[in-house]
Amino acid sequence: MGIGPATAALLADLREWAADPGAWCYPVKTTRGRAVLFPEDVAGRTDEQLIAVICDRLNGNK
């Protein structure tokens with residue numbers, strides 16, 4: 001699965017944000033809707049795992 005430039009930029013932003021000790025929540029806006037992520041959602045995940053978390057949130061799953 002190839003990751004496009006917009007997705008790669010989003011993942012880089014998420015990783016930078018999650019590394020901030022004051023990070024609390026990050027609203028992800030996509031063409032499919034919005035999802036809210038927390039630092040623990042990002043930490044230690046591969047790109048594919050992080051994309052899966054975003055998709056799950058967009059689909060209303062936890």
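Points worth noting:
- Taken about its Cα centre, the chain carries a charge dipole of roughly 280 debye when the Cβ of each Lys and Arg holds +1 and the Cβ of each Asp and Glu holds -1.
- Relative contact order, percent, the chain [alpha-carbon distance under 8 Å, six or more residues apart]: 26
- Taking the protein heavy atoms of the chain in the context of the full set of protein chains, the accessible area attributed to carbon and sulfur is 55 percent at 1.4 Å.
- 5 angstrom amide H check on Leu37, placed H, neighbours 5+ away: Tyr26, Val28
- Taking θ as phi - 60° and the Karplus parameters 6.51, -1.76 and 1.60, the scalar couplings of the stretch 43-52 work out to 4, x, 9, 6, 4, 5, 5, 5, 4, 5 Hz in sequence order, x denoting glycine and proline.
- Summed over all non-identical Cα pairs, the Kirkwood treatment of the chain gives a radius of 11.8 Å.
- In the full protein context, the chain carries 68 Å² of accessible surface per residue, based on a 1.4 Å probe and ignoring ligands, DNA and RNA.
- Selection from Pro39, Val53, Gly22, by position along the positive dipole direction of the chain (Cβ): Val53
The values are calculated or read from the model by the stated rules, or taken from the named source; none is laboratory data. Everything numeric here is computed off the predicted structure, so don't read it as measured data. Neighbour counts run over all protein chains shown; Cβ positions are idealised from the backbone, glycine included. Ligands, DNA and RNA are stripped out before the accessible areas are found, and what is left, the full protein with its side chains, is counted by its heavy atoms. Shrake-Rupley method; radii C 1.70, N 1.55, O 1.52, S 1.80 Å.
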